Structures are given as C-alpha cells and as structure tokens.
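What follows is a single structure, written as structure tokens, with notes after it.
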Amino acid sequence: MAFISFDDNSISKPSIFVSEQSSDKHLLDALTLVVERGAQSLMILACSANQHSAENLLSALQSCPIPICGGVFPSVFFADSKLDKGFIVVGFPFIISVTSYSLISSHINPNASKQVDGEAIHHSRDLLVFIDAMTNTTEFFISSLYEAIGGGIAVIGGGAGSIDFIQRPCVFSRAGLIMNTALVVQLPVSMHCAVEHGWEILSGPYLVTEAEATRVKTINYLPAFDVYKALIEETTAYRFSKDNFFQVSQNFPLGIVGVNNEILVRDPIQMNNNELFCVGSVPVNSMIYVLSGNTEHIISAAENAGKLVGKSSGNDPANSLELSIVFDCVSRVLYLGEKFPLEMAAIQRGLGAKRAIVGALSIGEIANTARGTINLLNKSIVIGNL
Amino acid sequence: MAIGNGLNLNEMLQSFMRVAIARLDLSSAHLFLFANEKQEPIHFSEKPVAGQLSHYMSIPVQYLGVSWAKNEGLHQVVCDHLQSNSFSSVAYFNEKVYQSFCIPEQGVIVFESVIEIEPSIKKSLEPIFKKIALSCYACLVHESLVAEIGARKNAENTIAHQASHDELTQLFNRRALTENLKNAIDSCEKNKKFGALIFIDLNQFKSINDVMGHDVGDLILKEVAYRLKGVARGKDTVARFGGDEFIILLPDLGGCEQVAEQLVNKTTIRILDVIEEPLMVDDLIYNVSCSMGFDIFSGLVSFSNVIKNADLAMYEAKALRQKIAVRYDSSMSEKVNIRSAYISELKNALKNNEFSLCYQPQYDVSHNIIGAEVLLRWNNLKHINESPDVYIPIAEDSELILAIGDWVFYESCRQLKILQDFGLPNSFKKLSINVSARQLGQENFFDTICRAIEASGVNPRQITIEITENILINRIHDVITLISKLNNIGVDCAIDDFGTGYSSLTYLRRLPSSLIKMDRSFVRDIHKDAENRSIAKMIIALGENLEMDILAEGVESAEELQCLKDLGCYQYQGFYFSHPLSFDQFRTLMQQSCLPDS
C-alpha cells in the first residue's frame, strides 16, 4: 500500500494511492488519506475480486466531503502493474462535477435526447463516464449522452462490473457503491483522447440481414453462427466445438466498417440458436467483417494509442497533470494472456515515462469517434491524457 | 433503412436521423421543414422559399453548448441549398463537411461529417429522401386526421356535455336529471331500496335579478351550484332544474325508509347551511335563503311524479315560510287538486259571464262623491260570499288573472262610459281600477288600456289605475315608464295599500302618481291606536311633501273619520260611507248626486 505522487509538495498534481489490499476498510482508509492530502475530488478504480460491500461503504461514501467517481472492474492497473485485487485511488487537485443517471429500464426516457439533460453538462468540459456494464440500456444511454451534449466534447469511459457477468454494485459515487447507474464526470481541465484496437480484417464484407440490438440473427440471409463458423474454420485452424465458442470467438471479433473505414469492433461473446450475441449493438443492414488479430499488432496498437494521444496533447508538462487514464478491454487480456504485460509496457512506451498511468480493464469502452459521436467499443483501448 | 413504419412525424424523422448518423458516419443531422405561421410542418408543393423553412430537429441538439437551431452557419447552408435548386449541395466550415439534401416538398436535411459522403452513396440517398418525403406527407395527413378526429371527439364531448349539463352552472340539466332519476327509481325497485329527490328554490331570487341585474344573479347561481355540489355524495345528482330551482337526487339511501328520511334531513340541513352562508359578489355580500321540499321513493313511481311531489312539498315549505325542508304527503296533492278545480271554475266563470263589477264610492271631507274603486264580484251560488281576496291570489298564481284583469278593465271602461253619458256629479273625479302585477308585466299592457278606452269611448281623464306598493318595489323602473305613458293619454295612477311595503322615497317622488291610498290596517281604530295614528300622520305628511292626495281606505266609524280629518286626511272610502254598490245602485247614486239638492 503506497502513495505514488509526482510532486509531494505540489497541489496541482494528482495524488495516486495504489493498494493490493482488498478490504472495505483499506479502501476507506485510503480515501481518508487522499482527502487529507488536499485532494478536491476522488476517482476510485477497484478490482471486482475485492468484493466490496455497498452496505459497508455507504455511510463513508455519503459523508465524503469531496466528489467521488469510479468503478469496480475486473482488474486495474498502475503504470505497467496490473492488479487483480486491490484498488487505485486518484485524488484530483480540482473539483469534478458528477451526475448520475439511472439505467433502470423504467427510468429511461424513451426519447433519447431527453434522457440526459444537456444543459446540466457544461459545454466546455470533457467527460469521464463510468457505467454499469451489466445493464441492457448502456448503449441507449451513450447515444442519449451524445444527442444531448453534441460534438466537441472529449469523452472516455469504461463499463464496470466483473467477468462472471453477474450484476453487482459497481459504480462509486457519493451516493454509495451502486448499480444500474451511469456516472458522467465533468472535468474542469481539458482531456486529449485516443482509441485503438489493432484488429484487422480477416474476411468480409458480409451483410447483416437480420439483427436486433446486440443479437445478430442472420448474415447474408443465413444463420449468423453458421456463416461465422464456416469462414473461421475455412480460413484458420480454429474449430468450434460444443463448448469452446467463447475461446474461439475471442480471436475473431466482428467489425462494422464505417464510411471512412473506421472499424467499430463488436465482440461476439455468446452463441445461442445459431445467433451471435455481441457486446454492443450491430445494426441490421450493416456491412460487417470478421476480424483477427495477432499479438504484435494488438500490442503495437496500444503503443500507438499512447503515441497518438501524446501527439494531440502536445506533451506540454506545464499545462498538464501528467496523468493518463486508460480503459483497456478485459477481452484483450483474455486474448493476450501472459503477454498482457507487454501491452502495458507498450502503453507506457507510447505515453512516455513521465506520465502516471492509471487504468482499468473494462467491459466495453466508451470514446468519441473521429467524427465526434460517442460509441460503446469492444476489444479496444481508450486513453485520456489530463 | 426502415422508413415510414410509424405515423408519428417526429418519431419517424428522429429514428431516420439516428440511423443516418450511425450508418453514414455523421457527426450530426439537421432537419428543416416547410412550416406554417404556427411553425407546424406542412406539405409545400410550390417553389421553395427559405423563409418558409423552419428548423425542426437536430441530432444532437447542440454543439459546444449552443443549440443547433441558433447556428447561423447551419441556416446559411440551408439557404444556399435552396438557392442552388439542386438535390444536394456541399458546404465546408469549421473543418466539417455539411451536405444538404432536398426532401421533396417537405424541406431540407443537412448532414455534418468529417469527410464528404461518396457520390455513389449520395446518389443512393435520392430515392430514400423521396421515400422520406412520402412518409412525411403520410405522417402529416395522419396527424391532421388525428387532430381532426380529436377536434371532432372534443366537439362531440362538448355537445354531449352541453346536452346533459346546464350551461351557466355546469350542473346536470333537467334532461340528465330525468335519466338519472329513472335509473334511480329502477334501481330502488330492483334492490328494495329508497331514494329521494330534494327540490330547492331560492327565495326572493327574482328581486336580486331585478335590482342587481342578471350578471350578479348568474354569479350567485353559480356559487350556489358550487356549494350544492359540495354537499352531494359521489353518486348523487345535483341539477339545475330551471331559473333559481335546483334538485339533488339521492339515489341510494338504503332499505329503511326512516333511515332514508333521516339522511335526507341531514342533507337538507347541510344544504341550508351552505346556501345561507353569506356570499360575496363584486365586493357586495348577499344573503340567500331557500325553500326545500323532498319526496322519498322506492320504485313503482313515475319520475315526473317524484319531481312534482318534491316541488309541491317545496311550495308548501315556501307557503309556510319555513326553513326546514318539507316532505311530500298526499294531502299536498289534494290541495293542488282543489286549487286546480277552483281555477277551472274561475275559467268557467269568465266564460259564463259570472263576474260583475261593483263600486266602492269615495268621498271628500264634505261627503261629496269624488270617485269610486271598482271591485270584482263572482256571481256564483257556490262562491257568492267569497271575497276577491280568496280568488284573486289564486287567479294571480295562474295566467287567469290576465284574462280577468282585461275583462275588468274593458267592463269598467264600458260602464264608466255609460255613467259619463248619463252624467256624473261635478265632484266625481276618478274611477279607480285595480291592476295586478302580472298585468303590468305584460308587454302589451299599455296597448290593452288604449284599446279598451278606444273601444268604450270613455273619457280617460276619469280613470285611475291602482297599483299596489309591492308592485312598485319589484319593478319600479318599468312602472315609472308605463305610468308616464298612461299620464300622457290622461289616465292617472294611485298607489294602493300604501304603508305595507317598503317603497323607496326617491322612486316615489319620481312616480307620476297623484294619489296615495293609505292601507286600511292603519285606519282601523286609528282614534284609539297611537301607533296607527303616527303612521297615518307620516303618510299624510309624505303626501303633502310629494304633492299627492291621501285617501284613507276602510273607514268604518265616525271616530276614525274624525281622527283622519284631524290628522289632515280629506279623502275616504269605507263602510262608514257606503258598502260596495252594484252598477245600477251606483248609477242611481250618481244620478242622485247630480240633483241640485243632493
């Protein structure tokens, strides 16, 4: 358990507290310490393995004197160290504005542009988004957010939760550790972002002839899984068996190619009745490709993301917190396996040694596309430089 | 792209624009539609003009905190597009591409993107926008139909409401009450229960209308209606039956008649409480009271009888001047039947010429005949001894008084003409003919008088009409106008029964009348009754001040006469001088009075 800070005497830099301890008490103690060091707002990235109790944390979070944001993720990381247990607490030297939105279906306004009150969000403030990945209204909320705030605002975020896909409280705010919630955090400083994934086209295009939200029913008028299985088995050595769908599909995500050749990755995580279930929606009539990756490309994409964001932020330490926030898809860990530390090293290389890097392995990432819209991404890495 | 699946214009376009943003990699999409003055989208088949385009929708709604609807650059893109008169056009600013497309006869859509949409894709959009235009048109037609149906439904609801509700008070009207009453009677019969109908009539409400005007009267009726609604239970019907009459129908009062009556009594007490609570209209406080009657029913009765019975009971309460509601009993119907029979006999009397006139001579202080009051007599064996005080009020309650009054006036004129032809004594000035309130209220009353005078050829300067003080109170303005007109043709006016009402002295002064008849109640035992003397003195003084003669009615003794003389009253009528005389007797008296020695 340790404080890591760039400049202990400076109140203009963030305080970062990293701990491999998993208890509620340790977390609360850490929050107190960070607050005592003069932080004006807090970001908590905690591991799902900690099994934090919402009940135990409630009163302390509610009585916290400064704004809180954050989430519970499968893993978190600081610099090139991944923690599968423990937490990171970032004490920002500024006040963040946190708005939470209920994602319970019955609370959702069917008129997307009215779900999020655009006027409540300051037009010049970039945003962090923490969202409960286990709700089925995640994408709807993200669309609503964009429809309300419009372009010109940098947004990054990640889906919180655990990889057993059981819904638990996973979003930290001053209301407690809660679920069915999206947290929109307005930053008083500008943020520069980059998105990469490193996946490449294996075959396609194919026409999605029948789909409903995240469920792809038919491709080229044939059952989706049949098409998917046939082309993978024809072009690679992978073979689908009764119970290895996920292990195989992790290597072959779907990609929706936009008009400007931007590939939006969709991760097929489940197969049922010859239908593919993805993380994120696949529109009917969209052209999709089957993607494949190789370790080298995937890792190099992570480094590239670091470089890209560094380039756009100008790497000016005087006007910067020297802090990078990373949301890296948990499925990349599953894909890279033991080689994941190479990805973390690549990120650090890309960003440069001077920067503090905090991040989480997320279930779905959120970021602006090149055209400004906000998307839910799969198998991607998003970096925001503050 | 699925277009036109729904018929809601906004939803359809919103859905299309979302798909377009996602599928064409747009940053935003903006729709401008042709609109009318109310900014409602319209189908516009003429040559497009920028002024008729209105910003309809943008997704997202804003950029950097500013609504797209206020974005001048975007509006310029649309104007330029319209001027270009082409299907699509492109503009570049703020490092973005703005591609606008025509939606035929509906408007313009603008897509914002990072790179320009490929020409092949643009081309493929043309049929899509044509389809969008058709869908817009379908939605607009649908929406106008929906609006029309909605308006029709509203109109139907309004008509249905109007058909069953009173326009002023918004209470149920007579028609709805009848329906509800029928249902209540049926239900009581089926379920062996009792119901009740309370008939409420506001007392003296007409005076409020006459004095303060109908606007105030209407406000009071509305307030009363509101208060009555507060008294009613959810299942009760509160209705305005007409004018100042209200009805509350209590449809379900249980299976015990006694309990039902108790419930009705409780309700009527509450009604009384709420109605008698002073009410304020235009900063003035009004005290309203009411008379109530009710009938309890249990089925096997006609709705009209229930209403009639409650009405009768209400009249009974009014006649008894009692506040507590009166329950109907069959003796009331008997009374009404008797009254109806009486009215029938009166009608026959008129038809069979059973009425005659007699004359109550009037004298001056020297015992000269100065005039006479015409009195009505009913020459029917059954009614010969009945005073007009019995049958005139009954006739007044029906329209019969008009026919009787006309007959009296015509006959009086005819007989006066005979007297005039025979010759009247020099002292004789006027023949007084009584006129009822109803006669005065007739629009053609003046014409009737003129016709009677003309038909008889009588000298109208010897006719006085007598009107009671109470008539004056109720319709002073009308009466002043009417008397003035009568004065112009020579007919005079006397105020009868003076002192029994509350005439406004201001109006009395303006009334073109020459005679006040002091009511007999102040004359009786005037020599013994100091109070009557004081009143008489006051009336005499009033007459002097207003330059009106005072005639004392009901003089029956020498003592009374002497006292009146002493007080300064010099005109009289009463049994002391003469009992009422038949025409022949009166004519003889006149002839005698004309003799030099008389």
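The alpha carbon centroids of segment A:159-182 and segment A:293-363 are separated by 24 Å. Positive-end ranking of B:GLN562, B:PHE498, B:MET590 along the dipole of the protein assembly as shown, with charges on Cβ about the Cα centre, is headed by B:PHE498.
What does DSSP give for chain B in terms of the percent of beta bridges that are antiparallel, rounded to the nearest 5?
Counting DSSP beta bridges with both partners in chain B, the antiparallel share is about 75 percent.
Taking each DSSP H run with n ≥ 4 as -39500 (n - 2.57) and averaging over every residue of chain A yields -7000 deg cm²/dmol at 222 nm.
Which value, in square angstrom to the nearest 100, describes the accessible area buried between chains B and A on both sides, using a 1.4 angstrom probe? Please list the in-between numbers first.
On the way: alone 30810 and 15850 Å², together 44880 Å².
Summed over both sides, the interface buries about 1800 Å².
Per-residue surface analysis assigns B:ASP236 an accessible area of about 20 Å², computed on protein heavy atoms at 1.4 Å probe radius. When the charge dipole of segment B:321-390 is built from unit charges on Cβ atoms (+1 for Lys and Arg, -1 for Asp and Glu) and taken about the Cα centre, the candidate among B:LEU381, B:GLN360, B:LEU346 whose Cα reaches farthest toward its positive end is B:LEU346. Evaluated with a Cβ-only charge set (Lys, Arg +1; Asp, Glu -1), segment B:513-598 carries a dipole of roughly 60 debye about its Cα centre, given to the nearest 20.
Computed over protein heavy atoms with a 1.4 Å probe, the carbon and sulfur contribution to the accessible area of the protein assembly as shown reaches 51%. Toward the positive end of the charge dipole of chain B, with +1 on the Cβ of Lys and Arg and -1 on the Cβ of Asp and Glu, the farthest Cα among B:SER89, B:PHE428, B:GLY457 is that of B:SER89. Across peptide A:275-286, the average count of Cβ atoms from other chains found within 10 Å of a residue's Cβ is 1.
Measuring how big chain A is from its alpha-carbon positions, Rg and Dmax come out at 20.1, 64 Å. Separation of segment A:77-91 from segment B:122-153 is 56 Å, based on Cα centroids. Going through the cross-link list B:LYS96/B:LYS122; A:LYS229/B:LYS131; A:LYS217/B:LYS130; B:LYS193/B:LYS266; B:LYS318/B:LYS528, which pairs have a Cα-Cα distance over 27 Å in this structure? Going by Cα-Cα distance, A:LYS229/B:LYS131; A:LYS217/B:LYS130; B:LYS318/B:LYS528 fall outside the 27 Å limit.
Return the average number of partner chain Cβ atoms within 10 angstrom of each residue Cβ along peptide A:368-376. Don't skip to the answer; put the middle values down first.
Working: counts 1, 3, 4, 11, 9, 7, 1, 1, 0.
Mean partner-chain Cβ count within 10 Å for A:368-376: 4.
For segment B:93-227, the solvent-accessible area of protein heavy atoms averages 54 Å² per residue (probe radius 1.4 Å; ligands and nucleic acids excluded).
How large is the direction-averaged shadow of the alpha-carbon convex hull of chain B, in nm²?
Its average projected convex-hull area is 44.6 nm².
Once both labels are positioned 7 Å from their Cα atoms along Cα-to-Cβ, the gap between B:GLN592 and B:GLU95 label points is 13.1 nm.
Computed over the alpha-carbon pairs of the protein assembly as shown, the distance histogram in 20 Å steps reads 11, 25, 17, 14, 15, 13, 5, 0 percent, short to long.
The angle between the Cα long axis of helix B:476-488 and the longest principal axis of the Cα atoms of chain B comes to about 60 degrees, rounded to the nearest 10. Taken about its Cα centre, chain B carries a charge dipole of about 1280 debye when Lys and Arg each add +1 at the Cβ and Asp and Glu each add -1 at the Cβ. Quick one: angle between helix B:214-231 and the longest Cα principal axis of chain B, in degrees between 0 and 90, rounded to 10, please. Value to nearest ten degrees: 70.
Taking 28 Å as the cut-off for C-alpha to C-alpha distance, list the pairs among B:LYS222/B:LYS335; B:LYS70/B:LYS123; A:LYS13/A:LYS85; B:LYS382/B:LYS517; B:LYS323/B:LYS382 that go past it.
Values: B:LYS222/B:LYS335 34 Å; B:LYS70/B:LYS123 30 Å; A:LYS13/A:LYS85 26 Å; B:LYS382/B:LYS517 32 Å; B:LYS323/B:LYS382 36 Å.
Among B:LYS222/B:LYS335; B:LYS70/B:LYS123; A:LYS13/A:LYS85; B:LYS382/B:LYS517; B:LYS323/B:LYS382, the Cα-Cα distance tops 28 Å for B:LYS222/B:LYS335; B:LYS70/B:LYS123; B:LYS382/B:LYS517; B:LYS323/B:LYS382.
Does anything in segment A:44-61 have its amide N under 18 Å from the 7 Å Cα→Cβ label point of A:THR32, and if so which residues? Hits in segment A:44-61 for A:THR32 at 18 Å: A:53, A:56-61.
The Cα center of segment A:200-245 and the Cα center of segment B:381-437 differ in position by 114 Å. Taken about its Cα centre, segment B:65-197 carries a charge dipole of roughly 760 debye when the Cβ of each Lys and Arg holds +1 and the Cβ of each Asp and Glu holds -1.
With both residues required to sit in the protein assembly as shown, DSSP beta bridges show an antiparallel share near 75%. The residues of segment B:22-68 listed by number as losing at least 50 Å² of accessible area in the complex, against the isolated chain and with a 1.4 Å probe, are B:ARG23, B:ASP25, B:PRO60, B:GLN62, B:LEU64. Axis angle, to the nearest 10 degrees, between helix B:72-84 and the longest C-alpha principal axis of chain B: 80 degrees. When B:LEU595, B:LEU542 are compared by accessible area at a 1.4 angstrom probe, the order from most to least is B:LEU595, B:LEU542.
The values are calculated or read from the model by the stated rules, or taken from the named source; none is laboratory data. Just so we're clear, the structure is a prediction, and the values are computed from it rather than from any experiment. FYI the Cβ positions are ideal-geometry reconstructions off the backbone, even for glycines, and counts take in every protein chain you see. Surface areas here come from the heavy atoms of the whole protein model, side chains and all, with no ligands, DNA or RNA. Shrake-Rupley method; radii C 1.70, N 1.55, O 1.52, S 1.80 Å.
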